Amino acid sequence: MSKKIALFIIMSSLVLISCEFLKKTYNSGSEAVSNVNVFAYTQDIELGKQVQQEIASNPKDFPILPKASNQKIYAYIEQLKSTILNSGQIKYRTEFAWEISIIDDDKTLNAFATPGGYIYIYTGLIKFLDSEDQLIGVLGHEMAHSDRRHSTRQLTKSLGLSMLLDAVLGQRDAVEQILGQLAGLKFSRSNEREADEYSVKYLCNSSYNSDGAAGFFQKLADQPSPPEFLSTHPSPDNRVENMATLETTLNCKGSETNVSRYNQMKALLN
């Protein structure tokens, strides 16, 4: 992300912040700090649009599969997305974009969602997974990161009161540090756990096995060389156990995995 774009987003948000509000929030305890977000949700929308435009302008690093020539696979994933959006659990269902893009990269086992709901799924992940419930579970996890506004929540938490106040006052050094934070931002373990939790909640009243994402994390952990990013995430074993426990606690009844249909969809990418 360019500094020009990030600067516009950061400053257009922070100039609206009340210094007195920040002081009260940061003085109220660590739990309040972890949950507060000084950015308006409209800034998540603006940030997402800017990131989406930069990705679209960089086909070398992000080779997006054209929708016109891949209508079946896009329609398939759109149906899964609609199941989640219709769960009644998405707070920004109508405000965020919730736009699907598939990145043509078989070596990358990943998916991500930007602030504002732009969702990117790598072909490598689709081919790696074994069933439809796993894919919709991962999709729910990524959509939860957007809907729970983890990017801007994490940015708020990591900056600290003094830096936020300096940025509000236009201090150049503070702004530069904020831009660096944004470029290297990673979700906290609590963010990851919350995304897991909401993935189960989104699917709990559907016909799907609601802890489908657990299958993905278990399969990753079983690899001879698990991806490096797992080292910054909660233990895969704990995640699998926690999602299964939540599924039981919420009395989720769905059990569909749809392996056969999933294999048919995967074949479209070969």
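Coordinate-derived values only; no laboratory data. Since this is a predicted model, take the numbers as computed values, not measurements. Positions of Cβ are generated from backbone atoms using ideal geometry, with glycine treated the same way; all protein chains shown enter the neighbour counts.
Among 213-221, 141-149, how do they line up from the highest to the lowest mean number of other beta-carbon atoms within 10 Å?
Working: 213-221: 20.6, 141-149: 23.9.
Put in order of decreasing packing, that is 141-149, 213-221.
How high is the FRET efficiency from ALA40 to ASN251, r the C-beta distance, R0 35 Å, rounded to 0.05?
Working: r = 36 Å, r/R0 = 1.03.
Given R0 = 35 Å and the Cβ-Cβ separation, E is 0.45.
Quick one: ASP130, ASP61, fewest Cβ neighbours within 10 Å first, how do they rank? Display every interim value, and only then the final one.
Details: ASP130 15, ASP61 9.
With the fewest neighbours first, ASP130, ASP61 line up as ASP61, ASP130.
How would VAL38, VAL138 line up from fewest to most surrounding beta-carbon atoms within 10 angstrom?
Working: VAL38 21, VAL138 24.
By the 10 Å Cβ count, ascending, the order reads VAL38, VAL138.
Scan around ASP106 for amide H atoms under 5 Å from its own, H built in the peptide plane at 1.01 Å from N, and keep only partners 5 or more places away or cross-chain.
Result for ASP106 returns GLY124.
What is the gain in length, in nm to one decimal, between LYS127 and LEU220 on full extension, counting 0.36 nm per residue of separation less the C-alpha to C-alpha distance? Spell out each step's value before the answer.
Details: separation 93, 0.36 × 93 = 33.48 nm, distance 1.31 nm.
Result for the pair: 32.2 nm of gain on full extension.
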